[in-house]
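K.L.:
My structure is below; once you've seen it, I'll send some questions.
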Protein chains: 2
Amino acid sequence: MTEQPAPLSHQPAQTVGGFSERELIARISARFPSRPDWLLVGIGDDAAVVEPERNRAEVLSVDCVVDGVHFDRAFVPPDAIGHRALAVNLSDLAAMGASPRLALLSMAVPSDLPVADFDAIVDGMATLADRHRIPVIGGNLTRTPGPLSIDVTVIGTIKRRQALTRSGARPGDELYVTGTVGAAAAGLQRLRKSGGDTSPEDAAAGRYLRPEPRLRMGILLARNRAATACIDTSDGLADAVHQLAGASGVGATIDADALPLDPDARDRYRTTGTIPDDVLSSDDYELLFTVRPRQRRRLEPVARQAGLAVTRIGACTSDRQVVATHTGAGRVVTSPLGGGYRHFR
Amino acid sequence: MTEQPAPLSHQPAQTVGGFSERELIARISARFPSRPDWLLVGIGDDAAVVEPERNRAEVLSVDCVVDGVHFDRAFVPPDAIGHRALAVNLSDLAAMGASPRLALLSMAVPSDLPVADFDAIVDGMATLADRHRIPVIGGNLTRTPGPLSIDVTVIGTIKRRQALTRSGARPGDELYVTGTVGAAAAGLQRLRKSGGDTSPEDAAAGRYLRPEPRLRMGILLARNRAATACIDTSDGLADAVHQLAGASGVGATIDADALPLDPDARDRYRTTGTIPDDVLSSDDYELLFTVRPRQRRRLEPVARQAGLAVTRIGACTSDRQVVATHTGAGRVVTSPLGGGYRHFR
């Protein structure tokens, strides 16, 4: 049986709507071939069965990214969508100090999604998963009349008493942040303007598109008991400071001049003398953590092993206020740190 | 400070768009207060931390329900949406023979959803969770420009070698199904016609709206090694038979006359002599399982303890064909059992 292929110019892009659910699941599982020996039943049954890791607590997180809310297909390439969907979850594990073990993937896919994009999304996720040796052991696939949305559940492990929470900070603890602040916001802005057409050398665009979860840093902070509290900056630095301080029952003073600002943000700070809101809410997926001054010496070897810059940006206080200080025209100005109430719109 | 309340008739229904993400999460966690002693860190940190159960394997499943695909807000009340979202996951655990332990909840919510509906959805889920003593220990909440969608991840536990898979059936094993077949399809049809306005005594509508995961049955089948393979009928009986037979590398012959049809389906079968497609694809969330004839005596006490009818509906064969037999006008008619290829639309 032969069919005359239609002329190329008339062939519409193949969409996922032309495939069955099982064919699409087969495309996913082909990209996640790893079957560690602790995986007793993998993809293809009613549920997966795993052997837990001995003498470890389990750390569980689920996060969802939705087209038009957390990314925009107009300027985020499909592999970056897959990368981000897993990275935001791994960042939560990093903030707890946990080693990632496995992931479950649940996708709601509009039927007009080109199957090449579907494959690229899965590939972007698999590339990040491979780098951290995380098997995707199960999941769910459904069509949706709405936007593409990707739910990932991750499970990590940690020694029982080493989990880093948000609530362990005390007044006097010093506040540190990894990497830089504001890169993701700058990258997002340029991607929006250019419709996704940025140079591969645009580091800030790369930071937005493919954030690197700070797993090694989190694991080392926990293992060496170097940090007293930790959170990731998934909703920006200001929100992270507020969350950590609130959970710990302390205040915080941030030295705005000490912030390791991304070059773009630094220029704007120099010009205006205030840190723009988009910088404070930049979803950089860095770690914000507190260190007891007496244990400060533990931090340097941890940062070196993790190969990551850490910057002291302030300290916890006993008065429950979260403020930023800024030295301008020879005097210190104190103002509340942004990061307020946002409606669910 | 006093404000004159607007006249009642002018007050629009309060929607989730008027709340912050944290306020909505607080509404959820208030409804899931349980903090078992193995829960080391619960809702409110970057991730949850749990102590695994000793000497048990873990069974993991994630499922998603989307408005307009798996339910329709036009005729499914919000508490039933919450019930179904958890029930479909628990049904997967039931099919593995696992005891449910915990759940994670990830919701993508349109901002025009009335907050009363939001609360009722959470309440419907919590009522089912309470009945099975399953804490919701974490999750995610995001807005979406698309339809309401709910992702639930469940984790159960089971003794290492007792997990029921789809692949353990051999030729000669007998096929059984719990409960009845076709009720959910009949209920769905009536709900669609009436716009959700069915009598509380409409058992079929109840079966569609609030399916009961067959957890006790699954646990007892596994514990007593009464079944050789098991699957739930979440995509209907025909699909379940095809999946189980395919995974086990066997064929199956179903005796159509033996099927425990729901009254509505039975009437239509009597009239037409064929089982309607919608009955064969009815998502009844029953269990389909196989029993080795020599172990048949183990089944009766299990069914009695579970308080659930089980019906023998056929047997596994060595020829890989999945067929139904039907006795009409004194002769046996054999035909392929429905449950074919479906596009992802």
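K.L.:
Which value, in debye to the nearest 20, gives the size of the charge dipole of chain B about its Cα centre, when Lys and Arg are +1 and Asp and Glu are -1 at the Cβ?
P.N.:
1700
K.L.:
Could you report the accessible area of A:Arg190 in Å², rounded to 10, computed with a 1.4 Å probe on the protein chains as they sit in the structure?
P.N.:
My reading of the accessible area for A:Arg190 is about 90 Å².
K.L.:
Please determine, in degrees from 0 to 90 and to the nearest 10, the orientation of helix A:78-96 with respect to the longest principal axis defined by the Cα atoms of chain A, where the helix direction is its Cα long axis.
P.N.:
40
K.L.:
Can you give the angle from 0 to 90° between the axis of helix B:21-31 and the longest principal axis of chain B, with both taken from C-alpha atoms, to the nearest 10?
P.N.:
Once rounded, the angle reads 60 degrees.
K.L.:
Assign one of three labels to the stretch B:273-320, namely rounded, prolate or oblate, based on the Cα gyration tensor with a ≥ b ≥ c the square roots of its eigenvalues; rounded applies when a/c is under 1.5, prolate when it is not and a/b is larger than b/c, and oblate otherwise.
P.N.:
Cα axes put the stretch B:273-320 in the oblate bin.
K.L.:
Shifting gears a bit: Over all directions, what mean area does the Cα convex hull of the stretch B:138-224 project, stated in square nanometres?
P.N.:
9.9
K.L.:
Right, another one. For peptide B:150-158, compute the average count of partner chain beta-carbon atoms within 10 Å of each residue's beta-carbon.
P.N.:
5
K.L.:
So how much accessible area does A:Lys159 have, in Å² to the nearest 10, using a 1.4 Å probe?
P.N.:
100
K.L.:
Quick one: how many Å² of B:Thr271 are accessible to a 1.4 Å probe, rounded to 10?
P.N.:
120
K.L.:
Hey, another quick one. Per residue, how much accessible surface does chain A expose to a 1.4 Å probe? Answer in Å², no decimals.
P.N.:
Solvent-accessible surface per residue comes out at 43 Å².
K.L.:
Still on this structure: At a Förster radius of 41 Å, what calculated FRET efficiency corresponds to the Cβ-Cβ distance of B:Trp38 and A:Arg312, to the nearest 0.05?
P.N.:
Calculated value: 0.65.
K.L.:
What angle, in degrees between 0 and 90 and rounded to the nearest 10, separates the Cα long axis of helix A:115-131 from the longest principal axis of the Cα atoms of chain A?
P.N.:
Rounded to the nearest ten degrees, it is 50.
K.L.:
Please list A:172-183, A:14-25, B:144-155 highest first by mean number of surrounding beta-carbon atoms within 10 Å per residue.
P.N.:
B:144-155, A:172-183, A:14-25
K.L.:
Extending each Cα 7 Å along its Cβ direction at B:Arg270 and A:Thr272, get the distance between those two points in nm, one decimal.
P.N.:
The two pseudo-label positions are separated by 7.6 nm.
K.L.:
Which net charge results when you count Lys and Arg as +1 and Asp and Glu as -1 among the other residues whose beta-carbon is under 12 Å from that of B:Arg345?
P.N.:
Here the charged neighbours net out to 0.
K.L.:
Moving on. Classify the stretch B:194-247 as rounded, prolate or oblate from the Cα gyration tensor: take a ≥ b ≥ c as the square roots of its eigenvalues, call it rounded if a/c is under 1.5, otherwise prolate when a/b beats b/c and oblate if not.
P.N.:
Because a/c hits 1.5 or more and a/b fails to exceed b/c, the stretch B:194-247 counts as oblate.
K.L.:
To the nearest 20 Debye, how big is the dipole of the protein assembly as shown about its Cα centre, given +1 on the beta carbon of each Lys and Arg and -1 on that of each Asp and Glu?
P.N.:
Around 2660 debye, computed over the protein assembly as shown.
K.L.:
Using Cα positions and a limit of under 29 Å, work out the lysines in reach of A:Lys159, with same-chain residues fewer than 8 apart set aside.
P.N.:
Once the sequence-local lysines are set aside, what remains near A:Lys159 is B:Lys159.
K.L.:
Antiparallel versus total DSSP beta bridges in chain A: what percent is that, nearest 5?
P.N.:
Among the beta bridges of chain A, antiparallel pairing accounts for roughly 75 percent.
K.L.:
For B:Arg297 and B:Ser194, what does the FRET efficiency come to when R0 = 35 Å and r is the distance between their Cβ atoms, rounded to the nearest 0.05?
P.N.:
Rounded to the nearest 0.05, the efficiency is 0.20.
K.L.:
Given bins 5 angstrom wide, list per bin the percent of all Cα-Cα distances in the stretch A:196-315, short to long.
P.N.:
Over the stretch A:196-315, the share of Cα pairs per 5 Å bin runs 2, 10, 19, 22, 22, 15, 8, 3, 1, 0 percent.
K.L.:
Using helices alone, I'd like the mean residue ellipticity at 222 nm for chain B: each DSSP H run of four-plus residues gives -39500 (n - 2.57), total over residue count, nearest 500.
P.N.:
For chain B, the value works out to -9500 deg cm²/dmol.
K.L.:
Express in % the proportion of alpha carbon pairs of the protein assembly as shown at distances exceeding 46 Å.
P.N.:
Percentage above 46 Å: 24.
K.L.:
To the nearest 0.05, how large is the calculated FRET efficiency for A:Thr334 and A:Asn224 if R₀ is 35 Å and r is the Cβ-Cβ distance?
P.N.:
Efficiency, from the Cβ-Cβ distance: 0.55.
K.L.:
Tell me, Kirkwood radius of the stretch B:76-189 from alpha-carbon pair distances, in Å?
P.N.:
So the Kirkwood estimate lands at 16.1 Å.
K.L.:
Another question, then. According to the square roots a ≥ b ≥ c of the eigenvalues of the Cα gyration tensor, what is the shape class of chain B, taking rounded for a/c under 1.5, prolate for a/b larger than b/c otherwise, and oblate for the remainder?
P.N.:
Taking the square roots of the gyration eigenvalues as a ≥ b ≥ c, chain B is oblate.
K.L.:
Just to be sure I understand: if you take the accessible area of chain B alone plus chain A alone and subtract the pair, with a 1.4 Å probe, what total do you get in Å², rounded to 100?
P.N.:
In total, chains B and A hide about 5700 Å² from solvent.
K.L.:
About its Cα centre, what dipole magnitude does the stretch A:34-96 give when the only charges are +1 on Lys and Arg Cβ and -1 on Asp and Glu Cβ, stated in debye to the nearest 20?
P.N.:
I would put it at about 160 debye.
K.L.:
Would you work out which of A:Ala247, A:Ser281, A:Met107 lies farthest towards the positive end of the dipole of chain A, given +1 charges on the beta-carbon of Lys and Arg and -1 on that of Asp and Glu, about the Cα centre?
P.N.:
So the residue we want is A:Ala247.
K.L.:
Run the quick spin-label model on B:Glu51 and A:Glu201: label points 7 Å from Cα toward the beta carbon, then report their separation in nm to one decimal.
P.N.:
Label at B:Glu51, label at A:Glu201, 5.6 nm between them.
The values are calculated or read from the model by the stated rules, or taken from the named source; none is laboratory data. Computed from a predicted model, the values in this text were never measured in an experiment. When we count neighbours, we look across all protein chains shown, and the Cβ atoms used for this are built from the backbone with ideal geometry, even at glycine. Calculation scope for accessible area: heavy atoms of the full protein, side chains included, ligands and nucleic acids excluded. Shrake-Rupley method; radii C 1.70, N 1.55, O 1.52, S 1.80 Å.
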